[in-house]
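Here is the structure we will look at, set down as structure tokens.
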Amino acid sequence: MNAGKLQGRVALVTGASRNIGRAIALAFAAEGADLVLNTRVNGEELEAVAGECRKAGVRAVTALGDVGDPAVCQTMVERGLSELGAVDVLVCNAAIRPHKSVTETTVEEWHHVLGVNLHSAFYLARAAVPGMKERRRGSIIALGGMSSLTGRPNTTVVTVAKTGLLGFVRGSPPSSGRSASA
């Protein structure tokens, strides 16, 4: 069994089936964290990541679902609590990045990007923070990247969402008085 820095902790990682999310999941597993891993549709990829994590000696629960849906977020946190006993670390990594001009972006696409890239952090925090407060420990990590600071052509909705995510993190400092950052 792993005796890393995160032994005895549970992390929920969104967008965990590939890229940065996969790397985060594997790094947390290497440090001993049990995991709730999420992706929207790539079930086979997510199961492969979960299998790699389990090889590190940790428990891994997979959860398919769109984090833009508040009920999905609530259910994922509840699964972490019921199956793994806690959610100590919340990693808001899931994102969609359409490359369209403002005039080509539909209202539905606008709302979906905001739901996944921004609102999901709120939904997940609302679900996870009460348990973190009760256990008197917890961390929330929200990945905004350069999109939270600068824009590029045809990425307006992504820039809006990631700038909002930075504001969410800045506006929600931990109760210990330490500052939070994206």
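Loosely packed, with under 15 Cβ neighbours inside 10 Å and either within 21 Å of residue 114 (Cβ to Cβ) or not β-branched (Val, Ile, Thr) (or both), is that true of residue 8? So residue 8 fits the description; yes.
Among the residues of the stretch 18-48, the ones that are part of a strand (DSSP E or B) and either out of contact with any strand residue (DSSP E or B) (no Cβ under 6 Å at 6 or more places or on another chain) or surrounded by fewer than 22 Cβ atoms within 10 Å (Cβ to Cβ) (or both) come to 1 in all. Among the residues of the stretch 10-30, not one is more than 22 Å from residue 120 (Cα to Cα) and either in contact (Cβ under 8 Å) with a residue 40 or more places away in the chain or in contact with a Gly (Cβ under 6 Å, 6 or more places away or on another chain) (or both). Between 154, 117, the distinction of being over 25 Å from residue 34 (Cβ atoms), surrounded by fewer than 17 Cβ atoms within 10 Å (Cβ to Cβ) and not hydrophobic (A, V, I, L, M, F, W, C) belongs to 154 only.
Select, from 126, 170, 178, the only residue that is at pLDDT 95 or above, basic (Lys, Arg) and surrounded by fewer than 19 Cβ atoms within 10 Å (Cβ to Cβ).
Testing whether each residue is at pLDDT 95 or above, basic (Lys, Arg) and surrounded by fewer than 19 Cβ atoms within 10 Å (Cβ to Cβ) leaves just 126.
Of all residue pairs spaced 6 or more apart or on separate chains, those with beta-carbon atoms under 7 Å, a first member in the stretch 98-126 that is among the basic types (Lys, Arg) and a second member that is surrounded by 10 or more Cβ atoms within 10 Å (Cβ to Cβ) are 100/154.
The values are calculated or read from the model by the stated rules, or taken from the named source; none is laboratory data. This structure is a prediction, so every number in the text was calculated from the model and none was measured. Please note: Cβ atoms are built from the backbone with ideal geometry, for glycine as well, and neighbour counts cover all protein chains shown.
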